[in-house]
Every structure is written in structure tokens, then in C-alpha cells.
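Q: Have a look at the structure that comes next, please.
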Amino acid sequence: MLQQLNTVFSRMASRLTLKLSLDDRPVSSELKGYMQELTKLTDKLTLVEEAGPEAPCVRIYREDGSYSGLAFHGVPGGHEFTSFVLGLYNAAGPGQALDEDVKKGIQALGKKDIKVLVSLSCTMCPELVTAAQRIAAENDAVTAEVYDLNHFPEVRDKYNVMSVPCLVIDDGKTITFGKKNVRQLLELLSK
């Protein structure tokens, strides 16, 4: 795994800052430790703690200080570790390849707020997480925030989540369930 991480980090075109919002729960300490270990592996990641809502959370910022639109609420472990690392790669560039028509479709999107509600044991969640993050990394008007529902029961209750992955667009204007790839998610966002 270390070799794979080093490969991804070596391909990242720019540096990123991981901004942590923490509270006094044990999961915040776990997130901080996790991110400290990750940032030790490369000089392309910097770690900063900030006061912020919805702790524990890690938000990804670009080298120029702009928000990438990508955030993970909880600890991106389990099945979400790989999607988190891909999110870093997509935010730093060059990112995963996209077909030209998909890229144009993503760039044509207006403001979209995407929440992906997951469980770390879910095997179908990473595909949707990766798709949402890829779209957000490509279009500054789109945000993709991932929530581990194990640590955010209020989010689960707000959207009456019965299964994961649950996709919430624009604070509940659209709610769907199940995995989706980039093309399928783009189609949904374009409606």
C-alpha cells in the first residue's frame, strides 16, 4: 500500500493543504492521527487545524488556498481510504482521465452541493464517492462532501437514510440511493 501511495503522491501536480475541524470525540483524535501519518509520507500535503463546523472533518484546499470542494466528515478508512486518496489526486491534478464529452458536461454544471452519505463497510459507496469528488475537483462550483453516518446520526435522520450510499443534492432537492459512476452522476446533476 505504501508503494501505491508513493506512486499517487509522485504524480500529484501540485501541493494540497488538509484542514482539520476537530472536536473532543475520540473519532477526532483518530482523524488527526490518520492525517498526520498521511502527511508524513509526502511533502505535497500540509496539515492545518482550524475551527469549523461539523467536526470531525478534513477539507482539501489547493496550493493557491482555494477550497477544492472536497471534504470527508469522519475518518476516511475502510472502503473509503482509496477514494480519499483518489480525491487528493483529482484535486491536485492531473486527476483521473475523463472522456472529453464528460469533461465538457462537468464544466457546464452550475452550482451544486453534493453530499454522499456512506458507511465505511459499504462496498458500493466508493464508486459514488470517487465520482462525486472527481466532478467537484473539475468544477469549482460543485462541492462533494462525504459523511460517515456512523459519526453523524443527525445527518442520517435529516435525510431519512435507510441504506448507503445515499446521494443528497442541493440539501435534499434530490435524494437517491445506490452506486453511480461519473457519467451516471453527471447525467443526474445535469437535470
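Q: Looking at (1) closer than 17 Å to Ser14 by Cα; (2) basic (Lys, Arg); (3) open to solvent by less than 60 Å² (accessible area, probe 1.4 Å), can you tell me which one Lys40 breaks?
A: Only one criterion in (1) closer than 17 Å to Ser14 by Cα; (2) basic (Lys, Arg); (3) open to solvent by less than 60 Å² (accessible area, probe 1.4 Å) is unmet by Lys40, namely (3).
Q: Need pairs with beta-carbon distance below 6 Å; first residue within 18 Å of Thr46 (Cα to Cα) and within segment 1-16, second open to solvent by 100 Å² or more (accessible area, probe 1.4 Å); sequence gap 6+ or separate chains.
A: Pairs that qualify, where the first residue is within 18 Å of Thr46 (Cα to Cα) and the partner is open to solvent by 100 Å² or more (accessible area, probe 1.4 Å), are Ser14/Glu63; Arg15/Glu63.
Q: Sticking with this structure for a sec: With the checklist (1) crowded, with 23+ Cβ neighbours inside 10 Å; (2) of a type in the set (D, E, K, R); (3) out of contact with any strand residue (DSSP E or B) (no Cβ under 8 Å at 6 or more places or on another chain) in hand, flag the one item Asp99 doesn't pass.
A: Of the numbered conditions (1) crowded, with 23+ Cβ neighbours inside 10 Å; (2) of a type in the set (D, E, K, R); (3) out of contact with any strand residue (DSSP E or B) (no Cβ under 8 Å at 6 or more places or on another chain), the odd one out for Asp99 is (1).
Q: Take Thr143 and tell me if it is of a type in the set (Ser, Thr, Tyr) and either more than 14 Å from Lys179 (Cα to Cα) or in contact with a Gly (Cβ under 7 Å, 6 or more places away or on another chain) (or both).
A: Yes.
Q: Considering each residue of segment 150-191, count those that are open to solvent by less than 10 Å² (accessible area, probe 1.4 Å) and assigned to a loop (DSSP other than H, G, I, E, B), and give that number.
A: Residues in segment 150-191 being open to solvent by less than 10 Å² (accessible area, probe 1.4 Å) and assigned to a loop (DSSP other than H, G, I, E, B): 2 in total.
Q: Right, next: List pairs: first residue in segment 31-43 and in contact (Cβ under 8 Å) with a residue 40 or more places away in the chain, second residue buried (at least 16 other Cβ atoms within 10 Å of the Cβ) anywhere in the structure, Cβ distance under 6 angstrom, at least six positions apart or on different chains.
A: These pairs meet every condition: Leu31/Pro56; Leu31/Val75; Tyr34/Val75.
Q: Quick check on my filter: what residues within segment 52-79 are modelled with pLDDT under 95 and touching a Leu at 6+ places or on another chain (Cβ under 9 Å)?
A: Gly52, Ala55, Gly77, Gly78, His79
Q: Also, quick follow-up: Give the number of residues within segment 52-94 that are open to solvent by 20 Å² or more (accessible area, probe 1.4 Å) and β-branched (Val, Ile, Thr).
A: 1
Q: Restricting the search to segment 134-191, which residues are modelled with pLDDT under 95 and under 14 Å from the mean Cα position of the chain (by Cα)?
A: None - no residue of segment 134-191 is modelled with pLDDT under 95 and under 14 Å from the mean Cα position of the chain (by Cα), so the list stays empty.
Q: Right, Asp157: touching a strand residue (DSSP E or B) at 6+ places or on another chain (Cβ under 7 Å) and among the charged types (D, E, K, R) or not?
A: When the stated conditions are applied, Asp157 does not pass them.
Q: Restricting to segment 9-37, what's the tally of residues that are under 23 Å from Ala97 (Cβ atoms) and either surrounded by 18 or more Cβ atoms within 10 Å (Cβ to Cβ) or modelled with pLDDT under 95 (or both)?
A: The number of residues fulfilling the criteria is 3.
The values are calculated or read from the model by the stated rules, or taken from the named source; none is laboratory data. As the structure is a computational prediction, the values presented were derived from the model and not from experiment. Quick reminder, even Gly has a Cβ in these numbers, built from the backbone with ideal geometry, and neighbours come from all protein chains shown. Heavy atoms of the whole protein, side chains included, go into the accessibility calculation; ligands, DNA and RNA do not. Shrake-Rupley method; radii C 1.70, N 1.55, O 1.52, S 1.80 Å.
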